[in-house]
Every structure is written in structure tokens, then in C-alpha cells.
Amino acid sequence: MKFLFTKQHANILFPFSLLTITILAYGLFLGQTGFYWDEWPFLWYHHAYGTEGVLKYFAHNRPFWGYLYATTMPLLGNNPVVWQIFGLILRFLTGMIFWWVLRLIWPKRTWAAAAAAALFVVYPSFMQQSISLMYGHFFIVLIAFLLSLAWMILAHRLPCFFILYTILAMLASAVNLFCMEYFFGLELLRPFILFIVLQGAHPTTGRRLLAAGKHWLPYLLVVAAYLYWRVFLFQFPTYQPEGVLGGHFLQTIWQLILAAFANLKVVLLDIWTNLANPPELQTYGDWLGGLYWVVVIATLLIVTGLFGSRILNRATPQRRTWHDMLLLSIPALLLAGIPFMVTDLKLGLDYPRDRFTLPFMLGGSLFFVGLLSLLPLKQTWRALLLGVIVSLSAGLQMVHGSTFKADWELQKNLYWQLYWRAPALQTGTLVIAEELPSIFESDNSLTAPLNWMYAPDFTGEDIPYLFAFASVRTETGVLELKPHTGVEQFYRLGTFHGNTDAAIVLHYEPGGCIWLLDPARDTNLPDLKQLIREALPLSRPEQVISAVSETGGPAVFAGAELEHEWCYYFQKAELARREGDWEKVVSLAAEAAEKGYDHREASEELVFIEGYIRTAAWQKAYKLTGTVFEEKKDLRRVLCHIWEDALAGRDTPDSGKAALSQSEELLGCLLLDTKE
């Protein structure tokens with residue numbers, strides 16, 4: 001085991017340990033997470049319009065960043081697992097390059113560099129790693145920035161390659177700046193790094209300041225070119241510089257100071273709020289709690305074993321280095337907030353604002369490792385304290401990943417259930433729904449898979465389908481819940497032109513199946529939200545085309561078809577009901593019962609009760625009515641309506657009158673009088 005304690009193997013053991021920590025934090029749900037938020041429009045635009053469409057989409061706000069997507073999307077395709085691996089690898093590589101940069105700044109501080117990189121990879125502020133298609137490209141830009149720093153330092157460490165490394169560093173800096181604005185503030189960290197790096201060549205402070213300024217000039221030219229392009233040419237197509245415009249100068253300065261302290265509070269203090277007791281543990285049960293402790297303990301053993309050993313601790317401690325690291329973290333943290341303070345965007349740890357903390361993770365990691373290194377502790381205890389911080393952070397990241405797992409399950413249920421219920425939709429259909437119990441998808445997000453599923457060959461400008469959350473679109477004025485009303489929604493590369501007369505209305509009760517509401521039956525459903533109740537008269541089930549699509553539905557983007565459990569039989573029964581195929585409704589009920597499936601919500605049995613009545617299975621109809629009524633009394637009016645509607649205009653044989661009388665007594669409906 002002696003080789004484990006040689007300096008040469010630190011360069012092998014640390015990357016392996018960092019990769020293991022990254023997998024523990026982000027890789028345990030790789031096959032169970034999918035696509036989220038803005039990833040859906042990205043994917044659909046690429047599917048519908050190709051690379052040109054991707055570039056056109058990003059031309060509006062981040063034109064150079066679009067070229068990264070135009071390169072990766074044709075290569076990686078539509079498989080969510082591939083994109084999750086892509087995101088995980090880039091997160092790991094970013095940590096590795098950050099480690100390399102710190103080793104270049106402080107060549108003898110292997111412990112501090114590795115500790116900061118380990119904390120950086122799991123820093124508990126940014127919690128959207130599972131949105132890997134989108135944020136993988138954020139990390140590509142961050143990697144460009146870090147490589148630029150590394151090449152800048154190498155230009156001074158290796159003078160014979162000064163010009164080559166300076167050119168590479170300037171190009172990488174341009175990639176960072178022109179692709180997106182998130183890491184602009186970190187570009188201004190260069191003179192501070194140069195001041196540290198030039199310490200040996202210029203021992204006096206004054207000369208070192210002058211040298212740092214001189215060597216910063218090439219990169220300052222890149223920054224100036226970017227600012228000229230961004231402010232005067234491209235300008236501000238989305239977020240405006242509201243944080244620095246419109247107020248008195250001194251007032252603006254004071255507001256920026258307050259914003260800077262607010263940012264520091266979020267990324268240095270608030271991040272620890274949920275660290276020891278992640279709220280998701282109470283949501284998803286014991287299985288997640290067990291997995292959480294596996295991740296925490298495994299990470300703790302890795303970190304304490306590696307950082308407490310001699311592998312990373314062979315150099316003589318230099319307290320000056322810790323001071324430098326802590327001091328460098330302050331400008332890193334302050335400068336990181338510039339893009340968000342200028343545009344008056346508030347940092348937060350809630351979705352989606354936690355994405356604004358991405359540039360703060362570098363400074364935060366330096367701050368805590370520098371602070372930790374100053375504590376008067378033996379190396380073993382220092383390693384243990386680092387291990388606790390990193391392991392709890394890894395556990396928090398893993399646990400938060402479970403919310404993306406649950407969200408992907410919800411999404412797949414939505415897509416497949418909608419496809420089972422509506423194999424095809426009339427072009428121009430407006431899908432109105434309540435907001436889903438998910439924070440990761442807007443109706444704007446869901447419009448993309450809706451069109452992908454029902455118009456797989458679409459390439460035009462008139463978007464065929466629109467998914468609209470009633471609360472969101474009525475508030476913005478896009479949607480009015482009244483008949484004969486046009487609906488128009490711009491969708492970046494096209495526009496939806498529709499009408500409320502061609503709408504279907506969806507209802508979803510968490511834990512239950514998804515409903516395509518029918519005004520003829522569902523008016524008295526008790527659990528409808530107010531806006532959905534208002535939208536219900538607009539629902540036109542006849543927008544559904546029963547013919548099976550040859551495209552495979554959502555399989556192309558959501559994976560293999562879900563197992564045919566209860567909701568499959570419910571959706572197919574609802575479709576058969578709409579077609580008047582009552583024998584099929586009853587057959588589906590029998591098949592579901594034979595396989596042991598039972599309803600999730602009592603109201604899901606309504607279609608089968610109606611099927612039994614219309615096929616004269618009187619006792620089954622009565623028995624199921626009793627079961628549903630016993631479970632949910634406020635379904636009485638709906639049950640009465642179903643019996644009344646199914647009996648209207650029909651002669652009831654003597655064999656059915658007993659069940660009819662029993663149901664009448666149970667529900668308090670005048671069913672016999674209605675029939676007569």
C-alpha cells in the first residue's frame with residue numbers, strides 16, 4: 001500500500017475520487033431523468049427546423065451560444081440518458097479544470113486545490129444539474145473561461161510559449177464572453193490572479209501591480225470588444241440594465257452595494273439551510289433517506305480518506321497561501337454578481353433563480369476552503385470537517401435529483417396518457433389545462449412535446465398545437481375562457497393561430513389519471529379548480545381523432561411506452577366511450593380487474609359504471625356505484641347524471657329494475673321517474 005502515499009499518485013487518485021463523488025451526487029438517477037424546461041423547445045426546434053432552426057432560435061438572445069447547441073444536438077440526439085451523461089461528464093471536467101487552474105496558481109498547495117475542486121463540484125447552491133442538455137452548455141462556457149485562466153498562467157510559467165498561450169487564452173476568453181453573459185464578472189478576476197502568479201518575478205507590491213496590469217491588457221481588449229458589441233450593436237434583447245439605469249448616481253451605487261451583500265448572504269449563508277435536512281427526504285419516503293445516507297457516508301469516507309492521508313499533504317504548509325486563497329475569493333464572489341446586479345436579477349436558492357449562483361461557486365469554494373485551512377486544526381480533523389461539508393452537499397444534490405426523477409415520471413405519464421386517450425388531434429387544437437404539480441415545466445415547455453407527438457413532420461411557421469395553462473394565459477391576456485374567441489401565441493420560430501372553439505380541457509388530480517373533460521358528463525365533478533370549471537364548456541372531445549398514429553406517439557422523445565396499468569385502461573375506456581363502443585368499455589373493465597388494477601381516484605370508475613348501464617349489466621353497475629359513492633360522497637350528482645343520461649329513452653327490463661331501484665335509494669335520484 002506504500003504507493004498510495006506517493007506524490008505521483010495524487011494526480012491519479014484525486015481525479016478518480018472526484019469522478020466517484022460526481023457520480024454519487026448526480027449519477028444515481030441517470031436512467032430515470034429526462035428533459036425539462038427550455039430543453040423541450042430546444043429539442044423540438046432542432047427536430048422541426050434542423051440546425052438552422054437552432055441557430056435562428058438563439059439569434060434572438062445568445063447567437064454565439066447557439067453554435068454550441070448546433071454542434072452537440074445532431075451528435076447526441078433525443079435520448080435523455082445520453083444528455084444526462086453529457087451533463088455529468090461536463091460537471092466533472094469543470095471540477096478537474098478548476099483543480100488544474102488552482103494548481104497552476106499555487107503549485108505547492110495540492111490539498112487546497114483539490115479541496116476547492118471537490119467542494120465546487122457539489123456546491124449546494126445550483127441544484128439544476130438534471131437539466132443537463134441546457135446546463136451542460138453552461139459548463140462548456142465555464143470550461144472555456146477556466147481554460148483561458150490556465151493558458152494565461154502558462155503563458156507566464158512557460159515564457160517560450162507566451163504568444164501561443166496568450167492567443168489561446170484570449171480566444172477562450174472570447175468564447176466565454178460572447179456565448180453568454182453569466183461569467184462576465186469573473187473575467188475581471190484576471191488581474192487579481194496575475195498579481196498572485198507574478199509574485200516570484202516581482203517581489204515588490206508596486207512592481208507586481210504594474211506587471212499584473214500590463215499582462216491584463218490583452219484580455220481587457222477582449223472585454224472591451226465584447227462590451228462594445230453587447231451594448232452598442234447587439235444591445236439588450238431580453239433583460240435590460242435596470243440595475244444601473246434610471247436612478248440617482250449615489251442611490252444606484254448604494255443599491256448595488258446592498259445587492260452585493262444580498263448575493264453574498266445567499267451563496268455563503270443561505271446555502272446551508274437545507275444541507276443537514278433536505279426537505280425532499282420527507283416527500284419521497286424511506287427509500288430516499290436510505291440512499292441519502294449511502295451517498296453521504298460513501299462521500300465522507302472518500303474525502304476523509306484522501307484528504308486526511310499524506311497523498312495531498314506532502315508540501316510544507318504555507319499560511320500565506322491560505323490568506324491568498326481567502327483574499328482571492330472576495331473579489332471572485334463580488335465580481336460574479338455583476339451581470340445580475342446590472343440587470344436587477346435577484347439571486348435565490350429556489351428554482352429557477354438558483355441558476356444565477358453558477359458563477360459564485362468558484363469564489364464560494366475558495367472562500368470555505370481558505371477559511372477551513374485557517375482553522376487551528378490537525379490535518380485529520382480538517383479533512384473530517386471538509387468531508388462533512390462535501391458529503392452533505394453531495395447528499396443534498398442527489399436528493400434534489402429525485403425531484404427531477406419524479407417530474408420525469410409525471411411528464412411521461414402526461415404524454416402517454418394523453419396519447420392513449422387521444423391517438424391524434426385535429427390540427428389547430430388548443431389544449432387547456434391547470435398547472436401541473438411540477439415546477440420544472442411551463443406550458444411553453446409542454447407545447448414542444450405536444451407538437452412533436454401530434455405533428456412529427458411539421459416544419460412550417462403556423463404551429464399546429466398549443467398547450468396553455470389556464471391561470472398563466474388568462475393572466476397574460478393570451479386566453480379568454482369564452483367561446484368563439486381567437487387565440488394567438490408567438491413561439492419564437494412560429495405562431496399558433498387557434499380558437500377556443502377547437503379546445504380540449506385537461507384535468508389532473510395528483511395521484512390519479514389525467515382527464516380529458518367532457519362537458520356532457522363532467523360539469524359536476526367536485527375537484528375541478530375554478531379556472532378549469534370555467535374552461536370546461538369549451539372542451540371539445542370531438543377534436544380527438546381515434547385513428548392510431550404511425551409515429552409511435554411520445555416514444556421518440558420519452559422512451560418506451562409505459563406499462564399498461566390502471567390509467568391505460570381508464571384512457572382507453574374513455575376513448576371507447578366517446579366512440580360509443582360500450583362493449584369495449586366493459587371488456588376493458590374486465591381486463592383491468594383480471595390483472596388486479598384498481599382505480600386511483602373514485603371518479604375514474606364513472607366510465608365503467610356508464611358502460612355497465614348501457615350494456616344492461618345492472619348488478620355490476622349498482623355494485624360499482626355503491627363502491628364509488630361510499631368512497632366519495634360528493635360524486636352523488638355526477639353518478640345521478642350518469643344513470644339518468646344512460647337510461648334516457650330506453651326501456652328497462654324487469655331484471656334491471658331491482659338494481660335501478662337500489663341505485664335510486666342509494667343516491668336519492670328519481671331514476672325510475674326519469675326513465676318513464
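The values are calculated or read from the model by the stated rules, or taken from the named source; none is laboratory data. The structure presented is a predicted model; accordingly, all values stated were derived computationally and were not measured. All Cβ positions, glycine included, derive from the backbone under ideal geometry; neighbour counts span all protein chains shown. Remember, those area values only see protein heavy atoms, side chains included, never the ligands or the DNA or RNA. Shrake-Rupley method; radii C 1.70, N 1.55, O 1.52, S 1.80 Å.
At a glance:
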| item | result |
| --- | --- |
| Conditions (1) open to solvent by 30 Å² or more (accessible area, probe 1.4 Å); (2) modelled with pLDDT under 95; (3) within 27 Å of Thr33 (Cα to Cα); number of the one not met by Gly553 | (1) |
| Residue within segment 404-413 that is within 27 Å of the chain's Cα centre (by Cα), among the aliphatic types (A, V, I, L, M) and over 23 Å from Val295 (Cα atoms) present | yes |
| Residue ranges of helices (runs of 4 or more DSSP H) in segment 514-582 with at least 3 members over 32 Å from the mean Cα position of the chain (by Cα) and under 27 Å from Glu594 (Cβ atoms) | 566-579 |
| Residue within segment 443-454 that is under 27 Å from the mean Cα position of the chain (by Cα), among the acidic types (Asp, Glu) and open to solvent by 10 Å² or more (accessible area, probe 1.4 Å) present | no |
| Condition broken by Pro541, with the remaining ones in (1) open to solvent by 50 Å² or more (accessible area, probe 1.4 Å); (2) in contact with a Lys or Arg (Cβ under 6 Å, 6 or more places away or on another chain); (3) not small (Gly, Ala, Ser) satisfied | (1) |
| Residue satisfying condition, being at negative phi and touching a residue at least 24 places away in the same chain (Cβ under 8 Å), within set Tyr228, Tyr239 | Tyr239 |
| Met127 being assigned to a helix (DSSP H, G or I) and not aromatic (Phe, Trp, Tyr) | no |
| Only listed residue being more than 30 Å from the chain's Cα centre (by Cα) and over 16 Å from Ala150 (Cβ atoms), chosen from Leu258, Leu220, Leu194 | Leu220 |
| Complete set of residues in segment 192-212 that are in a helix (DSSP H, G or I) and open to solvent by 30 Å² or more (accessible area, probe 1.4 Å) | Phe192, Phe195, Thr205, Gly206, Arg207, Leu209, Leu210 |
| Within segment 560-585, tally of residues that are touching a helix residue (DSSP H, G or I) at 6+ places or on another chain (Cβ under 7 Å) and either farther than 26 Å from Gln543 by Cβ or touching a residue at least 40 places away in the same chain (Cβ under 8 Å) (or both) | 11 |
| Single unsatisfied condition, Arg473 versus (1) in contact (Cβ under 8 Å) with a residue 60 or more places away in the chain; (2) more than 26 Å from Tyr569 (Cα to Cα); (3) basic (Lys, Arg) | (1) |
| Any hit, segment 566-576, residues being acidic (Asp, Glu) and open to solvent by 10 Å² or more (accessible area, probe 1.4 Å) | no |
| Residue within segment 31-45 that is open to solvent by 50 Å² or more (accessible area, probe 1.4 Å), within 23 Å of Phe126 (Cα to Cα) and part of a helix (DSSP H, G or I) present | yes |
| Scan of segment 333-354 for residues that are open to solvent by 20 Å² or more (accessible area, probe 1.4 Å), hydrophobic (A, V, I, L, M, F, W, C) and in a helix (DSSP H, G or I), ordered by number | Leu334, Leu335, Ile338, Met341, Val342 |
| Within segment 511-538, tally of residues that are of a type in the set (Val, Ile, Thr) and surrounded by fewer than 19 Cβ atoms within 10 Å (Cβ to Cβ) | 1 |
| Test result for Leu233, under 37 Å from the mean Cα position of the chain (by Cα) and in a helix (DSSP H, G or I) | yes |
| Cβ-Cβ under 7 Å pairs, at least 6 apart or on other chains, segment 397-413 side assigned to a helix (DSSP H, G or I), far side surrounded by fewer than 22 Cβ atoms within 10 Å (Cβ to Cβ) and of a type in the set (Asp, Glu) | Val399/Glu280; His400/Glu280; Ser402/Glu280; Thr403/Glu280 |
| Selection status of Arg600, among the basic types (Lys, Arg), in contact (Cβ under 8 Å) with a residue 60 or more places away in the chain and on the phi < 0 side of the Ramachandran plot | yes |
| Filtered residues of segment 54-92 (kept if aliphatic (A, V, I, L, M), crowded, with 16+ Cβ neighbours inside 10 Å and over 30 Å from Ala118 (Cβ atoms)) | Val54, Leu55, Ala70, Met73 |
| Any chance Gly95 is touching a Leu at 6+ places or on another chain (Cβ under 9 Å) and either surrounded by 17 or more Cβ atoms within 10 Å (Cβ to Cβ) or on the phi > 0 side of the Ramachandran plot (or both) | yes |
| Any hit, segment 485-496, residues being farther than 30 Å from Pro63 by Cα, part of a strand (DSSP E or B), open to solvent by 20 Å² or more (accessible area, probe 1.4 Å) and in contact with a strand residue (DSSP E or B) (Cβ under 9 Å, 6 or more places away or on another chain) | yes |
| Subset tally (residues that are closer than 17 Å to Phe192 by Cβ and of a type in the set (S, T, N, Q)) for segment 101-160 | 1 |
| The listed residue being part of a helix (DSSP H, G or I) and open to solvent by 10 Å² or more (accessible area, probe 1.4 Å), out of Phe120, Phe145, Phe178, Phe139 | Phe178 |
| Criterion: open to solvent by 20 Å² or more (accessible area, probe 1.4 Å), on the phi > 0 side of the Ramachandran plot, modelled with pLDDT of 90 or more and not charged (D, E, K, R) - qualifying residue of Gly580, Gly649 | Gly580 |
| Residue check for Phe608: buried (at least 17 other Cβ atoms within 10 Å of the Cβ), aromatic (Phe, Trp, Tyr) and either farther than 22 Å from Cys567 by Cα or under 39 Å from the mean Cα position of the chain (by Cα) (or both) | yes |
| Matching entry among Ala225, Ala276, Ala298 (being buried (at least 16 other Cβ atoms within 10 Å of the Cβ) and small (Gly, Ala, Ser)) | Ala298 |
